[in-house]
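Here is the structure we will look at, set down as C-alpha cells.
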Protein chains: 4
Amino acid sequence: MTFTAAVSGASGYAGGEILRLLANHPDIEIGAITAHSNAGSTLGELQPQLHSLADRMLQDTTPEVLAGHDVVFLALPHGASADIAAQLPADTLVIDAGADHRLQDPAVWEKFYGSPHAGTWPYGLPELPGHRESLAGARRIAVPGCYPTSVLLALAPGFAAGLLEHDDVVVVSASGTSGAGKAVKANLLGSEVMGGMSPYGVGGGHRHTPEMEQGLSLAAGAPVSLSFTPTLAPMARGILTTATAKVRPGVGYAALREAWEAAYADEPFVRVLPEGQWPTTKSVLGSNHATLQLAFDEHAGRVIVSAVIDNLTKGTAGGAVQSMNIALGLDETAGLTLQGIAP
Amino acid sequence: MTFTAAVSGASGYAGGEILRLLANHPDIEIGAITAHSNAGSTLGELQPQLHSLADRMLQDTTPEVLAGHDVVFLALPHGASADIAAQLPADTLVIDAGADHRLQDPAVWEKFYGSPHAGTWPYGLPELPGHRESLAGARRIAVPGCYPTSVLLALAPGFAAGLLEHDDVVVVSASGTSGAGKAVKANLLGSEVMGGMSPYGVGGGHRHTPEMEQGLSLAAGAPVSLSFTPTLAPMARGILTTATAKVRPGVGYAALREAWEAAYADEPFVRVLPEGQWPTTKSVLGSNHATLQLAFDEHAGRVIVSAVIDNLTKGTAGGAVQSMNIALGLDETAGLTLQGIAP
Amino acid sequence: MTFTAAVSGASGYAGGEILRLLANHPDIEIGAITAHSNAGSTLGELQPQLHSLADRMLQDTTPEVLAGHDVVFLALPHGASADIAAQLPADTLVIDAGADHRLQDPAVWEKFYGSPHAGTWPYGLPELPGHRESLAGARRIAVPGCYPTSVLLALAPGFAAGLLEHDDVVVVSASGTSGAGKAVKANLLGSEVMGGMSPYGVGGGHRHTPEMEQGLSLAAGAPVSLSFTPTLAPMARGILTTATAKVRPGVGYAALREAWEAAYADEPFVRVLPEGQWPTTKSVLGSNHATLQLAFDEHAGRVIVSAVIDNLTKGTAGGAVQSMNIALGLDETAGLTLQGIAP
Amino acid sequence: MTFTAAVSGASGYAGGEILRLLANHPDIEIGAITAHSNAGSTLGELQPQLHSLADRMLQDTTPEVLAGHDVVFLALPHGASADIAAQLPADTLVIDAGADHRLQDPAVWEKFYGSPHAGTWPYGLPELPGHRESLAGARRIAVPGCYPTSVLLALAPGFAAGLLEHDDVVVVSASGTSGAGKAVKANLLGSEVMGGMSPYGVGGGHRHTPEMEQGLSLAAGAPVSLSFTPTLAPMARGILTTATAKVRPGVGYAALREAWEAAYADEPFVRVLPEGQWPTTKSVLGSNHATLQLAFDEHAGRVIVSAVIDNLTKGTAGGAVQSMNIALGLDETAGLTLQGIAP
C-alpha cells in the first residue's frame, strides 16, 4: 500500500531534505509540493539536487492544496503551522518540523516565544523511553529541534538510569550553517562563514533550552537544568554536541558505559561507538544516524558525551520520516538509508 | 535473484563508495571485503559512515578470497588489477576502477605509464555512443577515470554531431581532494588545502589526456587533440569541468543546444539544465548524476560546457555500479539514488 | 611627510581591505571613512577585524566629506565614481577601485555596461610595460579588476616578447566568494557555497573580457582575442587563473621561461616560481604578491600559466595602494607586507 | 638597535608563523633558520608564503647553529628544547614554543608527559596579573599553549576578581587544524576534515588541563578545577573557546562585565567587544588579538565567555614575539599587526 504525502516549505532546507528522503521511500508517493514566495517556480530551480523531481511545480501553501493526502509535512516558520493543521482532517497525519507543538508547558512556550501556545503533539524522538509507543498510530507529530535531538540522545540514558546529577548540565554544540536556514543574512554569507567559527544566536539559542530540559527531565523523572551554547561551524551540515553532566557519587565508567550501550542496543539509528573511536559529523552526512562516544573525566567528576547527527536528516527530515514510518505502521527504517556520505 | 559481490581496496575512498552503493542495492549481497595493509581491521574503523557494515572484517586481497563471487570490484593502485583479474574465472564479472584496462593503444599506455599494457576492457561510460551495447553481458569492465568521465560527457555530443573542430580542445577541471586519494601527503593535509586552490598534478594530470582524447576521437570518428589542466579545490568531493572547443563555421547556438539535448534526452543520469541555470557540484553530491550547461562564446568562436559530477559516484563507484547493472541485465539505475545531498 | 587618505565604500570587502593596508602604512593617516546605508555605524560593527579602527564612525559618501584629503579611495558600485571624482579637486589623488575608468574604448564600455563612458584613467598595474611610468605623479588612477590582474600578469610577458599567437587565448579562473561582494544573495550563502564549485556569472564574467583583451593587446602591439570563464570556489579569498595561449612556431620552453623570468626579475610583487613548484592561493593570502608557474604543453602547442593572487589584496586594495605609492613618490612596497598568511 | 634572531623548527606551522612576524619586525634581523629532516631545503619550498625569505636555506638544528644570536626561538617537539637550551648562553633570550617549561609542578608534568621535568620558565602571557613584570628582562620564556591562552584570557578576570566558584569550570574549544601540526596523519587529510567536526585528542587534550588550572589557580589564589574538551573544526586557523564557570552568589551581570572590562582596558591585544557583538575567529586571523564577549546565564548560574584567537598568532608565534618585545624592552606591539585578515 502506498501513502500520499504533501510537503510544504519545499524551497527551504528542511523541505528539500524531506523531499529527498520521500523520493526514495518505497511506500510514499509525493503529492503536492508547496512554498510561499517561491510558488510558481519549478523545484529544479530551487532544489537542483532533486533530479527526479526537477519539473515539479511549487504550489501555494494552503489547506486546500495540502488536504487530500495521507501525510502532510509542515516545514514552516514558527507560528504558521497551528492554523494550517487545524484546517486539515483529524485522520491526516500532520508532521510539524517547526517548534510550535514541541513544548508541554504553555507558560514556558509563552515565555520563550511570546505567543499563545498551540498545544503539544507527540514528540518524534522514538529513542527516548516511552516515545516510540506514543508515536504508533499518532496523527499529529512534533519533530524535535536539531540541537535537542543531539542533546537528548547524548544524555538521556544517563538520566534514565539515575547516574547523573540533575543540575548543572553544560552543553556546547557546533552546527553547520544550514541549521540557520536559507534566509539571506549578511553574517551567513559564504565569505563570512568559511574559515571561521563564532557563537551563534546566543540569545536565540536559549529557545532550545526548555526543549532540552523537558526531555531530560522526562528521562530523569525530575527537573533537570542545563546551560546551552550553540556555535556556528564552517560546514553546510552536521551537529557536533559536547554534553557534560556531573556523575553521581559512586558511579564509575563501567556503569556509565553499560547504561548508554543498553539504551541503544536495539536502536537502528543510534550507535555507541567502540571505545577509542570518536564520532565525526562526516560519518553521518545524509544518513539518519546519531553516533556517540562517552568519556568519564574523573578529575572533574563529569561524563562527557560527544554526539553527532546530520542536522537536516536525523535532526529534522530523517527524524520526521522515521516518526512517520512508526505512525503509519511501516518499517521504521523505510526510506532512510543506513550509510552516510564520506569523505 | 541476488548476486554476490566482493570489493577490494575497501579502505580507500573508491572502495568505500562502492560499498556505500552496494549496501543499498536491492540485487546485491556483499561478500568479501578486502584491503592491503588494513586487512584485519573492521570496516567501522576505516569507513565509519558505513553504519550497517561496521562490524565486517577486512580480509587480504587475494584471488582466493575474491573468487566465488558473481562480481568482483577492483579498487587497487595502477598495475595491480591485471594479475588478480587473470586469476579470476572468466565468467566472473570483474570491474576495474583503476586505469589498467582503459586505453586501447598499447603504445600510448606504455608512453604514459611506463609498463606493459594489460589489455583493453569494455569502457564503462554507457552514455557514449555504442558503449551501452558493449557493456551488456560483459564480464570485464574498465571504469573510466573521474576527470575523463566529466570531459567526455561534456563534449562527446558536439563531436558526435560533427559540430566541433577536432584540434585545440582546452579543458580546465577543479576536483575535490578525494580525487587525490587517501594516501597521506603533506600537500593534502586539511591545513594546506582548506581555503586555497592550486594546480594539481600538472604532470600526472597528463595521464588523463590520452583517455579523454581516445573517447572524443571515437565520438568524432577522427583524432581529437586536447590540453587538460586539473586543479585542486577546497572541498572533499566533486568535479567542475570547464570544457571548450572551437565551433565549426556556420554552426550556431541552436544547433549546439539541440545536439546536447538530443544526446542525453533519454539518459537517466545526465541532465542538460534549462537555459539560464548553471550546474553546481553540490547538486550531484552522492548522486550518480552529471549535469551540464553550455554557452556559445561567439566572440571567441568556442562552445563552453560546464559539467559537474561527484568524482566518487558518477566518476568512480556510481559509474561502476551502473555498468555492473547493465552487464548483469539489471535495471540500470538500481542501487543508484536519483537525488543529491544539498546543501 | 604624511599624506591623508579618505576611504569610501568602507563597509564592503574592498573598502575594508584598503583600510587594513592603510592602517599599517607608515606614510598615511586615515581621514574620513564613508559608506552608504551603513553611515552612522562604527567600523567595529562592520569590519571587526580592524581592531585599531573599531571606534571610527562611518560618514556619508559625499564630495564634501571626501574633499580635503591628499588621497581618496573610491570603492563604489559601477557608475558611482565619475560623479564624485568630478567634484574632487584636480590635485587630489583619486583612486577608483571600480570599473568606470579602466577601458580605453568608449564603444566597448557602452557595449558591455550600457551607459556613457566616464573616461579613461591611468591603469594601476605597474608590472605591465610602460605602466609604472604613467602612474608616477598621476592624480587619477583606475584600479584593475581582480580577474584581469591575474590574467594580465599571467600572459603579458609572452605577448610582449612576441612568443604567442594573438587569437584563441583561453582562460579559466577560480575565485573566492569575496570577489562576488558582500551583497546578500541566496547563491552566496555559506550553506550553498561551502563544499561546492560552480561557474559564476558566465554572463557577467564577460565584462572582464574587454579589460583583459585591452591589456594583452597593448602588450602584444596588436589585437588579442580571448575566451574567459570564471568559477566560484569554496574559499573566501584568492584567485587561481589557468591561462593558456598557443605558442608561435619554433618557440620552445626555454624561450618561454626566459621571457617570463626576465619580465618579472625586478618586480617586488611578482614571482615566477622555481621549476617544479606550483602556486597555491594560500601562499598569497593577505599579501600583495602574484606567483606564477608555466608549462609548455607541446602536445597541444600551448603554454599553460598558473597564476595566483589574493583578489582583495593584489587584485584590489593592494594594487590600489601600490599604485598610490608610485603616484605619491613613496617606496612602492610601503604598507604592503611581503609575506602571506599560511596555512 | 637591531637584535638578531634564530628560528628552529622552521618547516612547521609555528616556525613559519614566527618567521612571518619577524620578517616584518622593525628591530629584528633574522639569522639562522633551522629544521630537522628538512635541513638543506630552501624556505621557499616549505613556506611558500614567506616570499621575502624564499631563498634562505634551512640548516640543522644544533646549538652551534643557534648560538650567537640575541634571541633563539625553539619550535620543537615536546622534550627537545631543554637539551638545546642548556647549551645556549645564559644571556641569550631563549623562547620555547613547546610545552617543556610551562608547568610549575614537576609531579604534574611527570604525570601528564611521563618524563622528567625540565624546569619552569617565565610564562609568556603578559595579560595575566603579574606576568608582564616577570617577562621584563627575562632570558628564558615559555610560550603558553594555544588552548590555554584562549581559556586563561577568557576566565582569569573573573577569578582574579573573586566572582567565580573555583570548582566545576567547563570549557569546550574548537580549533583549526593547524593546531594539530603539520605531521601527516590520515585523520588530518583535507578530505577527512573539510565539511565535518569531531572531538580531537580527547585523551591528548587533557595535557592542556593542568596548564589551564595552573593559570586560573594563580589568578584565583586557590586551586581551580576544570573539564576541557577540544574539538577540531574545518578551518586552517583559529580557536573559538566557550568557557563557563559558576558565578558566586550575589554576583550579577554588571559586576562581571566590569571585571572583564577593567582587566583588559589597557591591553593592546585583548578586546572585550561591545555588548551585543559576538566574536568570530575570522576577525583575528593573522592578528595578535584576542576578542571576548560574555553573557550571564542566570538560569544556570553560569558566566559564559566566548573567546577567539588565531592559534598560530596570539596562540603561539604572536604571543612569543609579544613576550620577546617585553623581554628586550621593545615596544610591546612591534612587529605585531593590529588588524586581522577578513573576510
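Rule-based calculations on the coordinates, nothing more; no lab input. Bear in mind that the values here come from a model prediction, so they are computed numbers and not experimental data. Every residue, glycine among them, receives a Cβ derived from its backbone with ideal geometry; neighbour counts consider all protein chains shown.
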Say R0 is 51 Å: what FRET efficiency, to the nearest 0.05, do B:Ala86 and A:Ser41 get from their beta-carbon distance? 0.40
Positive-end extreme of charge dipole, chain C - chosen from C:Val270, C:Val94, C:Ser173 (charges on Cβ): C:Ser173
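If you place +1 on the Cβ of every Lys and Arg and -1 on the Cβ of every Asp and Glu, how big does the dipole about the Cα centre of the protein assembly as shown come out, in debye to the nearest 20?
Numbers: 72 positive and 128 negative charges, 1 e Å.
I would put it at about 0 debye.
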One decimal, nm, nearest first: from A:Ala254 to the same residue in each other copy, label points 7 Å out along Cα→Cβ, the values are 5.5, 7.9, 8.3
Report Rg/Rh for chain D, rounded to two decimals, where Rg is the Cα radius of gyration and Rh the Kirkwood radius. 0.96
For region C:197-329, alpha-carbon Rg relative to the globular expectation (2.2 N^0.38 Å, N residues): 1.11
Taking the label point 7 Å from Cα along the Cα-Cβ vector, the copy-to-copy distances for D:Glu110, listed from shortest in nm with one decimal, are 6.5, 6.9, 8.8
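Take every Cα pair under 8 Å in chain C that's 6+ residues apart, average their separations, divide by the length, and report that relative contact order as a whole percent. Walk me through the intermediate numbers first.
Numbers: 770 pairs, mean separation 60.0, N = 343.
Computed over chain C, the figure is 17 percent.
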at D:Lys185 the sorted inter-copy label distances (label 7 Å from Cα on Cβ side), in nanometres, are 2.2, 3.5, 4.1
Given charges of +1 on the Cβ of Lys and Arg and -1 on the Cβ of Asp and Glu, with all other atoms neutral, how large is the dipole of chain B about its Cα centre, in debye to the nearest 20? 600
Filtered hits (lysines, Cα-Cα < 29 Å from C:Lys111, offset >= 8 within chain) -> B:Lys246, C:Lys182, C:Lys185, C:Lys246, C:Lys314
Taking each residue of C:11-17 in turn, how many C-beta atoms of other protein chains fall within 10 Å of its C-beta, and what is the average? 2
Could you tell me the center-to-center distance, by alpha carbons, between region C:72-116 and region C:256-302 in angstrom? 31
Over chain B, the sum of -39500 (n - 2.57) across DSSP H runs of at least four, divided by residue number and rounded to 500 deg cm²/dmol, gives at 222 nm -7500 deg cm²/dmol
Once you have a ≥ b ≥ c as the square roots of the Cα gyration tensor eigenvalues for region A:228-304, tell me rounded if a/c is under 1.5, and otherwise prolate or oblate according to whether a/b is larger than b/c. oblate
Shape call for region A:259-304 from the C-alpha gyration tensor, a ≥ b ≥ c root eigenvalues: rounded (a/c under 1.5), prolate (a/b greater than b/c) or oblate? oblate
The set of residues whose placed amide H lies less than 5 Å from the amide H of D:Leu232, leaving out same-chain residues fewer than 5 positions away, is D:Ser175, D:Ser198, D:Tyr200
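Let's see if you can work this out: charge +1 on each Lys and Arg Cβ, -1 on each Asp and Glu Cβ, no other charges. What is the dipole magnitude of region B:147-311 about its Cα centre, in debye to the nearest 20? Show your work: numbers first, answer last.
Values: 10 positive and 14 negative charges, 105 e Å.
Here region B:147-311 has a charge dipole of around 500 debye.
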In a Debye calculation with equal point scatterers on the alpha-carbon sites of region C:120-178 and no solvent, what is log10 I(q)/I(0) at q = 0.19 Å⁻¹? -0.82
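Based on the Cα gyration tensor of region A:73-144, what are the three equivalent ellipsoid semi-axes, each the root of five times an eigenvalue, rounded to whole Å and given largest first?
Values: eigenvalues 73, 51, 18 Å².
Calculated on Cα positions only, the semi-axes equal 19, 16, 10 Å.
Applying a 10 Å radius around every beta-carbon, put A:106-118, A:272-284 in order of their mean neighbour count, most first. Write down the numbers at each step before the final one.
On the way: A:106-118: 14.7, A:272-284: 21.5.
Going from most to least packed, we get A:272-284, A:106-118.
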Dipole-positive endmost among B:Leu189, B:Ala219, B:Leu53 within chain B (Cβ charges, Cα centre): B:Leu189
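What FRET efficiency, computed as 1/(1 + (r/R0)^6) with R0 = 45 Å and r the Cβ-Cβ distance, is obtained for B:Asn187 and A:Arg248, rounded to the nearest 0.05?
Values: r = 50 Å, r/R0 = 1.11.
Taking R0 as 45 Å, the efficiency between B:Asn187 and A:Arg248 is 0.35.
Could you work out the mean count of beta carbons from other protein chains within 10 Å of each residue's beta carbon in C:167-178? Please list the in-between numbers first.
Working: counts 2, 7, 2, 13, 3, 13, 3, 7, 1, 9, 7, 7.
Partner Cβ neighbours, averaged per residue: 6.
Using the eigenvalues of the Cα gyration tensor, what equivalent ellipsoid semi-axes result for region C:29-88 when each is taken as the square root of five times the eigenvalue, whole Å, largest first?
After diagonalising the Cα gyration tensor, the semi-axes are 21, 13, 10 Å.
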Crossing angle, helix B:318-328 versus chain B [Cα axis fit, 0-90 degrees, rounded to tens]: 70
In degrees, nearest 10, range 0 to 90: what is the angle between the Cα axis of helix C:208-220 and the longest Cα principal axis of chain C? 60
If we restrict to alpha carbons, what Rg and Dmax does the protein assembly as shown come to, in Å? 31.0, 87
Across the residues of D:298-304, average count of Cβ atoms on other protein chains within 10 Å? 5
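Does region C:35-179 come out rounded, prolate or oblate, given a ≥ b ≥ c as the square roots of the eigenvalues of its C-alpha gyration tensor, rounded meaning a/c under 1.5 and, failing that, prolate meaning a/b above b/c?
Working: a/c = 1.96, a/b = 1.62, b/c = 1.21.
Verdict is prolate for region C:35-179.
Within the set of other residues whose C-beta is less than 10 Å from the C-beta of B:Ala90, count the net charge using Lys and Arg as +1 and Asp and Glu as -1. Please report the intermediate quantities before stating the final value.
Values: positive: B:Arg139, B:Arg140; negative: B:Asp91.
Summing Lys/Arg as +1 and Asp/Glu as -1 gives +1.
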Relative to the longest principal axis of chain D, what angle (0 to 90°, nearest 10) does the C-alpha long axis of helix D:253-264 take? 20
In Å and whole numbers, how far do the C-alpha atoms of region C:1-120 stretch along each principal axis, longest first? 45, 31, 23
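Looking at region B:147-311, what % of its DSSP beta bridges pair antiparallel, to the nearest 5? Write down the numbers at each step before the final one.
Details: 24 of 34 bridges.
Taking every DSSP beta bridge with both residues in region B:147-311, the antiparallel ones total about 70 percent.
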